[in-house]
Amino acid sequence: MTSPSSDRPSEGVVFLHGISRSFRSLIKLQQAVDKAGFATRNIGYPSREKALSALVDDIHPAIAPFADANDGATHFVCHSMGGLLARAYIARYRPQRLGRVVMLGTPNGGSEIADKLKDWLLYRLYFGPAGQQLLTSRDAATDALLPAVDYPVGIIAGNRSLDPITSRFMLPGANDGRVTVARTKLDGMADHMVIPASHAFMMRNKAAIAQTIAFLKDGRFTAR
């Protein structure tokens, strides 16, 4: 499923939600980016049913015509695992006019929560194949899906948690309740910032929305 998209032949932004979420989780952010003058496409995908490689093929039919319809660059805005999916997608189906990528709470270095729960039956059943690809130590196949980036990436991390158990006992250092600030970072990123927001709700955070638009326009977050 996808939300309504605008049809302006301008620069476009593809939105990819996180695991166990839907496109609805990014509608507020999408609407703000749309108002900022970008064409938008907010894509839903079966995040808990397939591994990243298969999900890349699932989203391609929605992204390819959208990218072709825009005269300018095609950017990506992603929450959580959506950022990993964007990296894998760009590696396989790089748009001809690729622009910038904004990641919110993406576990580029994996999550210690996945490390600790990966063998639990309930975790495996709920998060599916992609959940096994969120580990801090990746197998060769997953590593190959996520090559080094050679495009502008801006990363927003949160340092507030709504889950004191995971924050205290599973995640070392500052974190958003699911991912540590350190694990959001990525070699080759253009910019990185930390905001007082939790993983689940950072997409609706005013600062995150404003900084997302700033990076899409200028390739840097604003002074802070």
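Below are the figures for this structure:
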item: Options ASP119, ASP71: the member that is under 13 Å from GLY12 (Cα atoms) and part of a loop (DSSP other than H, G, I, E, B); result: ASP71
item: Every residue from the range 145-171 that is open to solvent by less than 80 Å² (accessible area, probe 1.4 Å) and farther than 20 Å from PHE76 by Cα; result: ASN159, SER161, ASP163, THR166, SER167, MET170, LEU171
item: Which listed residue is open to solvent by less than 50 Å² (accessible area, probe 1.4 Å), without any contact (Cβ under 8 Å) to a residue 60 or more places away in the chain and not charged (D, E, K, R), from SER22, SER47; result: SER22
item: Residues satisfying the stated conditions in the range 185-204, i.e. crowded, with 16+ Cβ neighbours inside 10 Å, in contact (Cβ under 8 Å) with a residue 40 or more places away in the chain and not in a loop (DSSP other than H, G, I, E, B); result: MET202, MET203
item: Residue match in the range 185-207 (condition: within 14 Å of the chain's Cα centre (by Cα) and β-branched (Val, Ile, Thr)); result: no
item: Count - residues of the range 141-165 that are within 18 Å of ILE19 (Cβ to Cβ), in a loop (DSSP other than H, G, I, E, B) and under 18 Å from the mean Cα position of the chain (by Cα); result: 1
item: Residues (surrounded by fewer than 16 Cβ atoms within 10 Å (Cβ to Cβ), in a helix (DSSP H, G or I) and touching a helix residue (DSSP H, G or I) at 6+ places or on another chain (Cβ under 9 Å)) located in the range 210-224; result: ALA210
item: Count of the range 166-179 residues which are assigned to a loop (DSSP other than H, G, I, E, B) and within 17 Å of the chain's Cα centre (by Cα); result: 4
item: Candidates ALA114, ALA182, ALA207, filtered to the one that is open to solvent by less than 80 Å² (accessible area, probe 1.4 Å), under 19 Å from LEU52 (Cβ atoms), in a helix (DSSP H, G or I) and not acidic (Asp, Glu); result: ALA114
item: Unmet criterion (only one of (1) open to solvent by 10 Å² or more (accessible area, probe 1.4 Å); (2) under 20 Å from ALA54 (Cβ atoms); (3) at pLDDT below 95; (4) not in a loop (DSSP other than H, G, I, E, B)) for ARG138; result: (4)
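The values are calculated or read from the model by the stated rules, or taken from the named source; none is laboratory data. Note that the coordinates shown come from a computational prediction; the quantities given were computed from them, not determined experimentally. Here Cβ is always computed from backbone atoms with ideal geometry, including for glycine, and neighbour counts include all displayed protein chains. Keep in mind that these areas ignore ligands, DNA and RNA; they rest on the heavy atoms of the full protein, side chains included. Shrake-Rupley method; radii C 1.70, N 1.55, O 1.52, S 1.80 Å.
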